[in-house]
Amino acid sequence: MSEPVRIAVAGAGWRAGYALRVARQRPDLVQVTGVYARSARSAARIEDLWNVPASTDLDDVVRQGCPEAAFVCVPREVVGDLALRIHDAGLPLLLETPPGPDIDALFRIHGLLGGSGAQVSEQYQYQPQHAARIAVARSGLLGQVGSASVSVAHDYHAVSLLRLLLGVGFEDVVVDGVADVDRVRAVRGRDRWVPEPQVIDAEVVRANLRWASGRRGAYEFGGEQYVSPLRGRHLRVRGVDGELVDDEVAWYVGPGQVARSSLRRDETGRDGDLEGAHLRQVWLGERLLAENRFAPARLSDDEIALGECLVRMVEYVRGGDPFYPLADACEDAYLGLLIHESVRTGGPVRAVERPWQGLRSPATT
């Protein structure tokens, strides 16, 4: 990449902070040209914390600094109207997940912006560990992959991983879900440890997804899995010639021979390593599966993933390939909604015809 990508950010909340941290750590890769905030107080906070221009005037933010795209990270209930305003101003759109709160909103935003080239910042595919797992599933090492199970994220994030691991596009699908209760001590929140942890009844949702091609996906997630060290995150992929379970991989080599290996993170800053603490790459034996282009910045996997979305968005604007079109985001959000519909109704739910079904999905490439 010859010069840093220039991104305008529409939104001043928690997710906007990810883009601002990436830009602060690696200004040679990402530059935030300005931030649109809905209140003068939020705009002042952004300028004070990040030393980035912020304004309540959207037109100013769209014009200043010559942004190449806009990252729209506002609540799902208002993303559609704001995205249309930015699109009408001529700026390519990178939308936050999900692109709408309900099925009607998803159909509406796809009808309005589906042909605009808008992309969506579904970051889980670019978290380095998940990127490595997807690479294994797509490498042929496991043979033809027929099923996957994810217990790592909620709703549309998990569905996105399932479709990418299985290579599923916009097929007909039946969803069957159920909810259960998990009694667990809540020891940590999103930002800090809980000083007086209490035992809570956390909801856990489980669902099976069966696509027309015969591929099968299993979904399980409870909210405590995001933040609690007492509830881990797990992923499994099964193919005819092997299996990936979390970071362990087994695959068929030949008669009487099965190989086993583990995903290995190449991380610096340990023991006598003075390079600084950051992730470089993820390997499986001699196979390089994922690289962190933001090294040596000290960023979490999720920040690396969001940064990857920002860079890929502008690479796309400059003539590259789409990486997560609006149609894919609508499909994943729609199937996430079907999971909860199945839980609510107590039985399987079949997907209806969707307006984006005739389009090509990067999940199948």
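What is the range 70-186 by shape, rounded, prolate or oblate, if you read a ≥ b ≥ c off the alpha carbon gyration tensor as root eigenvalues and call it rounded for a/c under 1.5, prolate for a/b larger than b/c, and oblate otherwise? It comes out prolate by the Cα gyration axes. Two numbers describe the Cα atoms of the range 24-117: Rg and Dmax, which are 14.0, 40 Å.
About its Cα centre, the dipole of the range 125-205 is roughly 480 debye, where the only charges are +1 on Lys and Arg Cβ and -1 on Asp and Glu Cβ. Decide, for the range 252-327, between rounded, prolate and oblate: order the square roots of the alpha carbon gyration tensor eigenvalues as a ≥ b ≥ c, take rounded if a/c falls under 1.5, and otherwise choose prolate if a/b is larger than b/c, else oblate. Oblate, since a/c reaches 1.5 and b/c is not below a/b.
Rounded, prolate or oblate: which fits the range 125-214, taking a ≥ b ≥ c as square roots of the Cα gyration tensor eigenvalues, rounded meaning a/c under 1.5, else prolate when a/b beats b/c?
oblate
Per-atom-type breakdown for the chain gives carbon and sulfur 46% of the accessible area (1.4 Å probe, protein chains only). Computed over the range 96-255, the percent of Cα pairs more than 18 Å apart is 66. VAL349 contributes about 20 Å² of solvent-accessible surface, heavy atoms of the protein only, 1.4 Å probe. Ranked from largest to smallest solvent-accessible area, with a 1.4 Å probe on the protein heavy atoms, GLU315, GLU203, GLU331 come out as GLU203, GLU315, GLU331. Taking Cα centre as origin and charging only the Cβ of basic (Lys, Arg, +1) and acidic (Asp, Glu, -1) residues, the dipole magnitude of the chain rounds to 320 debye. Once the gyration tensor of the Cα atoms in the range 177-244 is diagonalised, the equivalent ellipsoid follows with semi-axes of 31, 15, 8 Å, ordered largest first. Given a 1.4 Å probe and the protein chains as shown, ASP191 ends up with an accessible area of around 100 Å². Relative to its Kirkwood radius, the Cα radius of gyration of the range 1-75 gives an Rg/Rh of 0.94. Exposure check, 1.4 Å probe, all protein chains in place: TYR126 carries approximately 30 Å² of accessible surface. Comparing GLY276, SER361, GLY114 along the charge dipole axis of the chain, the residue lying farthest to the positive side is GLY276, per the Cβ-charge model.
As a calculated quantity, the FRET efficiency between ASP57 and SER261 at R0 = 45 Å, using C-beta atoms, amounts to about 0.25. Taken about its Cα centre, the range 40-80 carries a charge dipole of about 140 debye when Lys and Arg each add +1 at the Cβ and Asp and Glu each add -1 at the Cβ.
Could you rank CYS73, CYS66 by how accessible they are, 1.4 Å probe, largest area first?
CYS66, CYS73
The listed residues ASP271, ASP328, ASP28, once ranked by accessible area (1.4 Å probe) with the largest placed first, stand as ASP271, ASP28, ASP328.
For the chain, what is the mean residue ellipticity at 222 nm derived from helices alone (per DSSP H run of n ≥ 4: -39500 (n - 2.57); sum divided by total residues; nearest 500 deg cm²/dmol)? Working shown, then result.
Values: 9 runs with 110 residues, N = 365.
Result for the chain: -9500 deg cm²/dmol, rounded to the nearest 500.
With the Kirkwood sum run over all distinct C-alpha pairs, the range 196-354 has a hydrodynamic radius of 19.9 Å. Suppose R0 equals 41 Å; then what is the FRET efficiency for GLU196 and ALA218 from their Cβ-Cβ distance, rounded to the nearest 0.05? Using R0 = 41 Å, I get an efficiency of 0.70. For the range 215-309, the relative contact order is 13 percent, taking Cα pairs closer than 8 Å that sit 6 or more residues apart in sequence and dividing their mean separation by the residue count. Set against the 2.2 N^0.38 Å expectation for a compact globular protein, the chain has a Cα radius of gyration ratio of 1.01.
The values are calculated or read from the model by the stated rules, or taken from the named source; none is laboratory data. Keep in mind that this is a model prediction, so the values were computed, not measured. Positions of Cβ are backbone-derived with ideal geometry, glycine not excepted, and every protein chain shown enters the neighbour counts. Remember, those area values only see protein heavy atoms, side chains included, never the ligands or the DNA or RNA. Shrake-Rupley method; radii C 1.70, N 1.55, O 1.52, S 1.80 Å.
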